[in-house]
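Colleague: The structure follows.
Please treat every number below as a calculation from the coordinates, not as lab data. Everything numeric in this text was worked out from a predicted model, so none of it was measured. Note that each Cβ is placed from the backbone with ideal geometry, even for glycine, and that neighbours are counted across all protein chains shown.
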Amino acid sequence: MSIASSSKISSDLRKQFNERFGNRARFDEPLAPYVAYGVGGPADVLVFPKTEDELSWIAHISREHSLPITTIGTGTNLLVRDGGIRGIVLSIRDTFTDIQILGKEDGCTKIRCGGGVEKPTLLNWAVERGYGGLVFSSGVPGTIGGGIFMNAGTKYGCYGDILTRLRLFDFEAGGREYARNELHFGYRHQSHITAKTLVAWVDFSLPDADPAEMRAEVERIIEERAAKQPLDYPSCGSTFKNPEGFSAGRLVEKAGLKGRRSGGAEISNKHANFILNKDRARASDILDLIQMVQSEVYSKFGVQLECEVVVVGEEPYAQN
Ligand SMILES: Cc1cc2nc3c(=O)[nH]c(=O)nc-3n(C[C@H](O)[C@H](O)[C@H](O)COP(=O)(O)OP(=O)(O)OC[C@H]3O[C@@H](n4cnc5c(N)ncnc54)[C@H](O)[C@@H]3O)c2cc1C
């Protein structure tokens, strides 16, 4: 039995992608190198669009050929199944990467940041210039688009706290801007961004702050995280959201699951909410551990753990 992908991209459609995007469209492209876990099967086509016009073309092709669209950032919160992702996968990590200063008001600098900008890049850029507000994100990887989708954050804050406006590209309805008061942000949750929309850019309002003080605080937070988190092996950070009133990691630890393995994946001994790719794991190894933890924690404590990691793609298609 061999494992094959069931790509739906016809040769005529490949030609159209090639004409429009050149080497920015890659067919049957393995996704493992593009995601933090380093696991997962291929995308039928992985595209790196540069403009909203290109997004409109992709949206049109998606509708015409019934091809689903999946957006990925840097895959630091994404588990791609071993069969890969059918349809069109978009990455804007190398393209929507402008950071612009819009102006200053009441001791705050307003900036516009592309959805593909990586969080550490934005943090360093802001700290160098004396723009505060982003120190909470020290040590958090991924793109700003992925960070807004997840409302990523730490005990020091989250992106929803500093966002003032954003532009979403909706694959059905096109681009639209939203003011902060039209949006709701909660714990690893927000109201408007779905799998059918892409964060094109975000405006932040950043209060003036001292670069040296911020640098020291960034270093302190990064050290604090390194002391608690297993950063030597690939992971997606916290696997489960903290249920109301509980720490997910503590529940996993109390269930006696630290160090449990499935194939090449392991529940970290250092931080029980991290599942690591310890040794050439497959996505199915990680998924097995996720399901095992959910079932053990539920049977021991009656608490249903919700996955924070976004799982996409399909199981391998078996060919005889
Ligand atoms: C070591 C480690 C530590 C971490 N620590 C933290 C932490 O402290 N706090 C925290 O909140 N998270 C943490 N994470 C998780 C992760 O870094 C964040 O969730 C991050 O925001 C994901 O960004 P990404 O670009 O990698 O998104 P991806 O993982 O690629 O995608 C995540 C989701 O966002 C969507 N998405 C990505 N880009 C866009 C876009 N432009 N428009 C619309 N949707 C988009 C994807 O479709 C997917 O559903 C950690 C991860 C690791 C590996």
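Colleague: Taking a temperature of 37 °C and a viscosity of 0.692 mPa s, what whole-number D in µm²/s does Stokes-Einstein yield for the range 230-312 with Rh from Kirkwood over alpha carbon pairs?
Modeller: 265 µm²/s
Colleague: Could you name the aspartates and glutamates in cross-link range of K300, using Cα to Cα under 16 Å and dropping any fewer than eight places away on the same chain?
Modeller: Cα-Cα hits under 16 Å: E253.
Colleague: Taking amide hydrogens as modeled 1.01 Å from N in the peptide plane, which residues meet the under 5 Å criterion relative to W201, leaving out close sequence neighbours?
Modeller: The answer is G115, R167.
Colleague: Give me the lysines in straight-line cross-link reach of K104: C-alpha distance below 25 Å, same-chain residues under 8 apart excluded.
Modeller: Candidates past the 8-residue exclusion: K119.
Colleague: Same structure, new question: Between H65 and T194, 0.36 nm times their residue separation minus their Cα-Cα distance comes to what?
Modeller: Full extension of this stretch gives 44.4 nm more.
Colleague: Please report E314, E29, E64 as a ranked list, fewest other C-beta atoms within 10 angstrom at the top and most at the bottom.
Modeller: E64, E314, E29
Colleague: Another one. Springs between alpha-carbon pairs under 10 angstrom, Gaussian network model over the chain: which of S238, S247, S11 fluctuates most?
Modeller: Taking springs between Cα atoms under 10 Å, the residue moving most is S11.
Colleague: Which of W201, W125 comes first, and how do the rest follow, when ranked by fewest Cβ neighbours within 10 Å?
Modeller: W125, W201
Colleague: Here's something else I'd like to know. log₁₀ I(q)/I(0) of the chain at q = 0.07, 0.15, 0.16 Å⁻¹, via Debye over equal Cα point scatterers, no solvent, to two decimals?
Modeller: -0.30, -1.28, -1.39
Colleague: Residues with amide H under 5 Å of T109's amide H, sequence separation 5 or more or different chain, H placed in the peptide plane at 1.01 Å from N; which?
Modeller: L206, D208
Colleague: Turning to a different aspect of this structure: Using 0.36 nm per residue of separation minus the Cα-Cα distance, give me the extension gain between D98 and K8 in nm, one decimal.
Modeller: Between D98 and K8, full extension yields 29.1 nm more.
Colleague: Assign unit charges at the C-beta atoms only (+1 for Lys and Arg, -1 for Asp and Glu), then state the dipole size of the chain relative to its Cα centre in Debye, rounded to the nearest 20.
Modeller: 520 debye
Colleague: Describe numerically, in nm with one decimal, the distance between label points set 7 Å from Cα along Cα→Cβ at R250 and at K228.
Modeller: Modelled inter-label distance: 1.2 nm.
Colleague: Using a cut-off of 14 Å between alpha-carbon atoms, which aspartates and glutamates can reach K278, once sequence neighbours fewer than 8 places away in the same chain are excluded?
Modeller: Cα-Cα hits under 14 Å: D232, E266.
Colleague: In what order do L90, L102 fall by count of nearby beta-carbon atoms within 10 Å, going from fewest to most?
Modeller: L102, L90
Colleague: Provide the per-residue ³J(HN,Hα) series for the range 159-174, in order, calculated from phi with Karplus coefficients 6.51, -1.76, 1.60 and θ = phi - 60°, each as a whole number of Hz, with x at glycine and proline positions.
Modeller: After applying 6.51 cos²θ - 1.76 cosθ + 1.60, I find 5, x, 5, 10, 6, 10, 7, 8, 10, 9, 9, 9, 5, 9, 10, x Hz.
Colleague: Ordered by residue, what ³J(HN,Hα) values in Hz, to whole numbers, does the range 42-58 give under the Karplus form 6.51 cos²θ - 1.76 cosθ + 1.60, where θ = phi - 60° and Gly and Pro are x?
Modeller: Whole-Hz 3J(HN,Hα) from phi for the range 42-58: x, 8, 3, 8, 9, 10, 10, x, 10, 9, 5, 4, 5, 5, 5, 4, 4.
Colleague: Then there is this: Using 14 Å as the cut-off for backbone N distance, which residues of the range 77-95 belong to the label zone defined by a point 7 Å from the Cα of T121 along Cα→Cβ?
Modeller: Residues 91-95 qualify, since their backbone N sits under 14 Å from the label point.
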